[in-house]
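Visitor: I'd like to ask you about the structure that follows.
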Amino acid sequence: MNIVDLILYQCRRQPPAAAICAPGSGIDLISYRHLERAIHNVSRRLHGFGLPRGGVVAVTIDDVTFHAIVLLAAIRLGMITLSLGASDVPPFAVDVLVCLAKRPTALPAGRTLVADQTWLEGDGRPLEPHLLPATDGNDICRLILTSGTSSTAKAVPLTHDLLARRMARHVTFGNRLANCSRIYSDVPIGSSLGFQFFIHALSRGGLAVFAGDDFYSTLRVIEDCRVECLVGSPGGFENFLRWVEETPSYQTNIKVIVCAGDVLSPSLSARLRSRICSHLVSIYGSTEVSMSAVANGHEISAIPRAVGFVTPGVTIQIIDAAGALLPPGQEGRLRIKSEFSAGGYFRNPDETAKVFRDGWFYPGDLGTLDADGLLIITGREHAVLNLGGDKVSPELIEAALTQFPGIVEAAAVAMPNAFGNNEVCAVLVAHEKIDPRVLREYCATRVPRQFMPVRYVFVEAIPRNENGKVDRRRLQESIARTSSPAA
């Protein structure tokens, strides 16, 4: 089955219903009737270009709805799609690049197609059956760019069947999501989570909602469309919460929040459950293996850096440097065996060999696993602060900082002092005024002396990548450029 068939089925069943809403884009709102016509018109246009079945089609269109329609049309024609952001560069040449005239790009591509609104025009007739390729469930339909286990860009391939099986696992979130048909995604459609929930919403006949140009347009559409589910990362929810708190009279209709991409701090978890929705779901996973551990926010809020319980169909082991299995509660390296894992990276055997071995995926995370299957992420193998020879995982420092009352988020980075030696700089997001002296005294009881933050910098938001991970390089560059006062 072609994954787009599910969406076209919904288009025929409920043509007047709203399908996609992206306020501020060229196409703010589109119904299933118009979505079906647009998919068929763009499919006919792409077919007319003679694009190869199984070819890689990269799309760089800012209008989210137009972007999504091109993706669906290309997938319907048996092509492999890839969404590219402003700074994304795939590690291979694509067969076709679809872009807007106003956004030229020098990405390597066998062919460049300039798209415009006329692509959506036409009589909406579907392609004749003999022009459509037969789809095998094992055909690749989607590539997701990720730096995941390293700083090197890689592409994770998803087949029609794998995407369908990953969506079927949403039952692990509990029964509330099953009753939600209007879903807002704070993560881009180019990400694994963003694309998966986009297809999830449309294949069920629901409404897929994306962020607007500003918070107020986003908040308005969430309210007007009666959005029931929010999907995002801790960084995105931090901004959302800050905006909502500026509007005390705002009341939400949200039934469930799905949070992924990074460890959710107890403070942020408590505030989201208090102000937005009491039912918060925490997910641990990756683009390579999908969701691997899930928990309700209230279940793990009192356990620092807990991310969830291992889900059915997934095996997680904690091993030492030699690969020996460690007992419950002992910290070590994670490895994951999943029925929902990709087989490796697209056209990249070298990077595949590094992290996909003997049926296991090695995400580069450090953690513990207790006898009940509760996973706690304590750090990253390669996210290590080197402080003049003393090395520490930044997550250990961040875990201590986020336990301090009033601190919503924390990131620890190494910055050189006057002698050129690295010291710990703590970058903090707080929703109330923090007394630096009390904070230092607090850290002194929880962080080893050689790893104590020497500098505290308070910011509005911590920079993160599209997957919700702390962008430490950007953070270091920002601190180096600014002369903002530190505590």
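The values are calculated or read from the model by the stated rules, or taken from the named source; none is laboratory data. Remember, it's a predicted structure, so these values are computed and weren't measured experimentally. Here the Cβ positions follow ideal geometry from the backbone for every residue, glycine too, while neighbour counts run over all protein chains shown.
Visitor: When you scan the range 155-169, do you find a residue that is more than 15 Å from the chain's Cα centre (by Cα) and part of a loop (DSSP other than H, G, I, E, B), even just one?
Guide: The answer is no, given that none of the residues of the range 155-169 is more than 15 Å from the chain's Cα centre (by Cα) and part of a loop (DSSP other than H, G, I, E, B).
Visitor: Another question, then. Is there any pair with a first residue in the range 239-252 that is outside the structural domain of residue 406 (by TED's automatic domain parsing) and a second that is of a type in the set (D, E, K, R) and not in a loop (DSSP other than H, G, I, E, B) whose Cβ atoms are under 7 Å apart and which are 6 or more apart or on different chains, and what are they?
Guide: 241/271; 241/275; 244/275; 245/275
Visitor: Within the range 36-45, track down each residue that is of a type outside the set (Val, Ile, Thr) and either crowded, with 23+ Cβ neighbours inside 10 Å or not in a helix (DSSP H, G or I) (or both).
Guide: 38, 43
Visitor: Hey, does the range 359-370 have a residue that's within 30 Å of residue 138 (Cβ to Cβ) and more than 21 Å from the chain's Cα centre (by Cα)?
Guide: Yes.
Visitor: Sort out which residues of the range 379-420 are loosely packed, with under 13 Cβ neighbours inside 10 Å and either of a type outside the set (D, E, K, R) or free of Cβ contacts under 8 Å to residues at least 40 places away in the same chain (or both), and write them in order of number.
Guide: Residues satisfying the conditions are 382, 386, 389, 391, 405, 416, 417, 418, 419, 420.
Visitor: Here is a follow-up. Among (1) surrounded by fewer than 23 Cβ atoms within 10 Å (Cβ to Cβ); (2) not in a loop (DSSP other than H, G, I, E, B), where does residue 258 come up short?
Guide: So the condition that residue 258 fails would be (1).
Visitor: Ok, one more. For the range 315-386, please list each of the strands (runs of 3 or more DSSP E) lying entirely inside it that holds at least 2 residues being of a type in the set (D, E, K, R) and either at pLDDT 95 or above or touching a strand residue (DSSP E or B) at 6+ places or on another chain (Cβ under 8 Å) (or both).
Guide: 332-338
Visitor: Here are 87, 31: which of them is surrounded by fewer than 24 Cβ atoms within 10 Å (Cβ to Cβ), in the same structural domain as residue 189 (by TED's automatic domain parsing), among the polar types (S, T, N, Q) and at pLDDT 95 or above?
Guide: 31
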